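For reference, the structure discussed in these notes is given below.
The values are calculated or read from the model by the stated rules, or taken from the named source; none is laboratory data. All figures in this text were calculated on a predicted structure; none of them were measured in a lab. A quick note on method: Cβ atoms are made from the backbone with ideal geometry, for glycine too, and the neighbour counts reach across all protein chains shown. Quick note on the areas: whole protein, heavy atoms, side chains included, nothing else; ligands and nucleic acids left out. Shrake-Rupley method; radii C 1.70, N 1.55, O 1.52, S 1.80 Å.
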Amino acid sequence: MANLPYNSAEGSSDVVPESPSPERSTPTTEQQMSPTCFQTSMVMSSQETSLSPVIPIIQCDRSAWKMRQNESGLGPANLQYGLGDGKEEFNEHAALQQAFNYIRKATKKESTLEKHLQTVEDIAWKSGLGPKDIDTLLEVVLSSPLRAEAVKSRMLKCLIPTTLIPESAVVKAFSKLCTHNYSNSIKIIFFRWLIAMFDFIDHTEEMNSLYGFFFSFLQEESMSCYVCHLLYLLTKRENVKPFRVRRLLDFQSKVGIQPHLQALLSLYKSFCPDLVSISLPQKRKYYFKNTDSIWQTAVYIVKQRNQLPSLPSVELSVGISASQPQKRKWNSSCIIPKPTSSFTGEKKQKGGSTSLDVMFGVRKTFPVEQLHMFSQLLENIQNIQFPSQMCSVLKNSSLLHYLNCVRDETVWLRLYYWMNQVLKEGCTWCKVSNYTTEEEFKSFLDIVGKAQCFLQEGFPSSEVFLYRSLPLWDGTSCRSEYLQLLSWLPLGNFSEIRPLLCDSLAPLFFTSSIFHKCSVLYSLKQLLQNWLLRYAMRANVKTMMSTSSHTTLNVVNSVSELISFVGWLSTNALRLEEHSSFLFHFVLDFFETVSDMYLNYNLPLVVIFPCGVFYPALLTFDSITLNHLCYIMYRYRVNLTAAKENDVIRQERQKFNKTYQKFNEYVTALVDCLWTSTAFEKDHFLYIDPEIMKKTKIKDYKKSLNLTNHPALLVYSIYFLLQGWPGEKELALGTIQEHLEDLVTYRESLSHLDFAQDILHDSDKHL
Amino acid sequence: MDSLDVPEFTPKHRVPPRLRDYFTGASPFHRHLESVRKQTSFGQTPFRRKIPECSPLQENFDPQRIAFLLHKQWTLYTLTPMYKFSYTNLKEYSSLLKSFIAAEKQKGLAVEMEEDFNFKVIFSTLSGVKGTQRDPAAFLVQIISKSQLSSKNAEEKVVWTGWFCCVYGDSLLENVPDDFTCLPLFLANGAESNTALIGTWFQQTFDCRFTRLTISAFNLSWMAAMWTACNLEHYVAATELLWSVPCSPQSLDISYAIHPEDAKALWDSVHQAPEEITQEEVDLFIDCLCSHFHRHFKINLAATRLVCVSTSVASAHTDGKIKILCSKYLIGVLAFLTELAIFQIE
């Protein structure tokens, strides 16, 4: 009979009924898929699960169910087991329908019925039932001709929703319950189920219109406490009527003071104080008996199992605050609260606003708690108010969108103050406090970084934090997250930033590992890109108004200073790391962005990379580096050719002449080394006294740097010969010259080497 | 269709330059940022300070209320500017805070705001606790518990007290728009759990943030010097400095008490300009004390850490606890603490 585990010890682990306010408390579980806010938090406790005497043991995998299906030999669906989730779901559905159909017609208990019952139980407890299935099952149970109550109660217990329970199903079932002659125990299970699943019912308007019917069940003493609880959840202000109060009071005088009656009365009193004249005890602690947590646990498990991969926007808005234990220091840093609407704004609007008005009052503003999707933002953009704690926007993509189009500076200031404090307190290497662990701080920095990336703009507080904490940084803790802040520094005067940033960054850079160097260079590349983008965006706007040459000049200065700083860093880093090709990759990546500044970002500036980068890259052993270098040289050439037409550059011809000269010098060297084998001749860059060269005893040294013999390309030449003339015992590299065309096409992976050839043809055009 | 021609970034362009436009930035916030950018590291403090003095506004003091603030141990917190705080709403805040506390204590059960609880929350302003007219008024929050026996002669007991103040907070006030109220210093006395509740409410309601304010050994030595420099008619306590020796398993504390008049005499010999105190003087004062100690006990205090300073004016602990003893120099003590608090927030 009373099969569900029930905590009869009143008061020991009671559940507190919550207020029936229209704005329910925000859900505490993260993965709630239904759009409504749930009142009850679902917390799974292992204790509760172990209490159950009846509930079938749920296996985590589906094999148990499959096995049982196989034994019973049900349906053709068996053949397709194990073909994937989609199929299985389909099978589940088919099996369910089959079982429903059978149970509907069954008139007495027998073994086939038992099997079908088990199927339903298995599926329900494992993956839950959809809204339609719930409807069907309710109908099946309450209208089946079966007399056995045990079967009915078993079926009722299977009503575990995956998403929502349709209100119509509840109303239908309730009407059946009213009209047919059911035993009290069935009614009790139904009410208990309603209480436990109340938050999953999609609407309650129609149910509310049946309020009187629900109320009439109060007469039954055995179920009055469940009915009270249900009414407590269902009651609205308009349901409180004098005759109901009278009935309640009459009932109370009959059965004595019961906590559930008192709870309902106190709710009535809070809605209509004038109707309930009796005094209720001061210390209001009315509890309902424990709700059937086993059902809630089941729902929770079902939800966990059916969890879909979350969308990226959802991922942003998942709060850490929820996943962390509540018992923490109240102001410990790095915890980002969930957005909650603020009351400060509208408090003053109503003169003598009573407390309940504040709580239940209908407001025009769209509560941020309900803002989950971009479409909601678009629909309600006029009525959105920022949350009471601005920091909660950090993890909510919709609010970040909103932040992006707000003109109010105070919004940024609120964020600034908060973030300033949290960064300072959380920073593990500054040791202001010891409350945060490195992991926490890391994830916080990551959130800040993501938000910055989302807004395409750095927060001022993270900039200030960067300057202050950089001198104390060890270079390893939270490296990638921390350096992410670097790439979002605002476009400013580099000479101002330089003492704050570079003076502490450079020593750390030179003394740290190659990985640190690469990450720093990567962040600096991002910084340059962000600056250039910002400039390009502004330049776009300005053309509509008036071009401010002053700003352009400022940007040009800043950017060229940044580039020369990075040039200096990379020259030294390459020497320190012995021209590691890993490092080269990051260095050349940076200069690839540099080479394309003029055409990509419209910045009237071309800065050539320093000799310390060019020559090592030219004489490298690594073909990829050489290839990358050639590509950069090609982009330089395209940009420089285009820049000749530019007015600003033409005006400052003097300054840019040097750039052109340097480029030509590099081109000559490139051609010398890769094509004409003249690098060692007089007046060329590798010229060494022939007498000294003779002493090295290198045969034919003049030809050691060309397309076939260059150290980075030699491997390809040999490979080419081996594949072209596999039989030959002795191969002379000299013979390649005759097959040069073939060789070039053979090395198609190094596509940019062709540039050397191009240049050879028109190198004289440049000056 | 027109909308197709609109470039991708249009919404952003219409937004006025806020933070992105560094070069054209002219709002107070930008100026503030600029000044922060120029300030290089964590540890810059002024090299000279004024000797604490009586405030001209001190006449507004209600002696009873001030006496209430004295001789209590306060835990120090810093508070970032409060958004949309209004002095006209104090009554409403007290009822909101009351219901918040009640709700928290009842663990989520809905409470009615007008309900009578066995405690009340009072917000009240502390007139006179400010350095200049520009400083926002300080205010006090108290939780008073009422015994339930009889409602009329109920004994009222203050369970928790906290107050917010800003004394000579000009450097912070300059850059903050009107929507914010700057009371960077918060002092609390009472159970930590209550502080947590009230702090949480303030954080949620006014979008501010509380942080414990600890006092470094460096600032403690400043306090020692400044408070020794105060002129008092009679001394109520010895000047006592506490040094901590880090050693396991328990740290060892060295207490160093001096007769306040001797300390004053030492200070007078070190001190030169009548109105201000310089860093050199502070260093010299502490060095003298240390070398005196070394001469007698052969213990080099310079290798240990100053953790506590107590004088007749006030006593402060490095944990961020303070007890103010002398009403005359209340403003002076608060001014220095405000300075430290502002330094921590900026």
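For region B:162-185, which residues satisfy the criterion of being of a type in the set (A, V, I, L, M, F, W, C) and in contact with a helix residue (DSSP H, G or I) (Cβ under 8 Å, 6 or more places away or on another chain)? Answer for region B:162-185, where residues must be of a type in the set (A, V, I, L, M, F, W, C) and in contact with a helix residue (DSSP H, G or I) (Cβ under 8 Å, 6 or more places away or on another chain): B:Trp163, B:Cys165, B:Cys166, B:Val167, B:Leu172, B:Val176, B:Phe180, B:Cys182, B:Leu185.
Tallying residues that are among the acidic types (Asp, Glu) and within 14 Å of chain A (Cβ to nearest Cβ) within region B:300-346 yields 2. Of note, B:Leu185 satisfies the criterion of being at pLDDT 85 or above and either more than 9 Å from chain A (Cβ to nearest Cβ) or under 19 Å from B:Ile322 (Cβ atoms) (or both). Restricting attention to region A:393-412, the residues being among the polar types (S, T, N, Q) and within 10 Å of another protein chain (Cβ to nearest Cβ) number 2. Scanning region B:169-191 for residues that are touching a Cys at 6+ places or on another chain (Cβ under 7 Å) and not in a helix (DSSP H, G or I) gives B:Gly169, B:Val176, B:Cys182, B:Leu183, B:Pro184, B:Leu185. For beta carbons closer than 8 Å, sequence separation of 6+ or different chains, a first residue in region A:222-246 that is under 19 Å from A:Thr204 (Cα atoms) and a second that is part of a helix (DSSP H, G or I) and among the basic types (Lys, Arg), the qualifying pairs are A:Tyr226/A:Arg192. Of all residues in region B:191-203, those that are surrounded by fewer than 17 Cβ atoms within 10 Å (Cβ to Cβ), within 17 Å of the chain's Cα centre (by Cα) and polar (S, T, N, Q) total 0. Taking the criterion of being within 14 Å of chain B (Cβ to nearest Cβ), open to solvent by less than 50 Å² (accessible area, probe 1.4 Å) and more than 20 Å from A:Lys525 (Cα to Cα), the residues of region A:461-487 that qualify are A:Ser461, A:Val464, A:Phe465, A:Arg468, A:Ser469, A:Trp473. Within the set B:Val167, B:Val159, the sole residue that is open to solvent by less than 20 Å² (accessible area, probe 1.4 Å) and modelled with pLDDT of 90 or more turns out to be B:Val167. Number of residues in region A:693-718 that are touching a helix residue (DSSP H, G or I) at 6+ places or on another chain (Cβ under 8 Å) and either in contact (Cβ under 8 Å) with a residue 24 or more places away in the chain or open to solvent by 100 Å² or more (accessible area, probe 1.4 Å) (or both) equals 11. Check A:Ser504 against each of (1) in contact (Cβ under 8 Å) with a residue 12 or more places away in the chain; (2) more than 11 Å from chain B (Cβ to nearest Cβ) and name the one condition it does not meet. All conditions pass for A:Ser504, except number (2). Could you say whether any residue in region A:425-433 is of a type in the set (D, E, K, R), surrounded by fewer than 19 Cβ atoms within 10 Å (Cβ to Cβ) and facing another protein chain (nearest Cβ under 8 Å)? Within region A:425-433, not a single residue is of a type in the set (D, E, K, R), surrounded by fewer than 19 Cβ atoms within 10 Å (Cβ to Cβ) and facing another protein chain (nearest Cβ under 8 Å). Looking at region A:542-560, can you tell me whether even one residue there is of a type in the set (S, T, N, Q) and open to solvent by less than 10 Å² (accessible area, probe 1.4 Å)? Yes, region A:542-560 has at least one match. Inspection of region A:448-460 identifies at least one residue that is within 11 Å of another protein chain (Cβ to nearest Cβ), open to solvent by less than 10 Å² (accessible area, probe 1.4 Å) and out of contact with any helix residue (DSSP H, G or I) (no Cβ under 8 Å at 6 or more places or on another chain).
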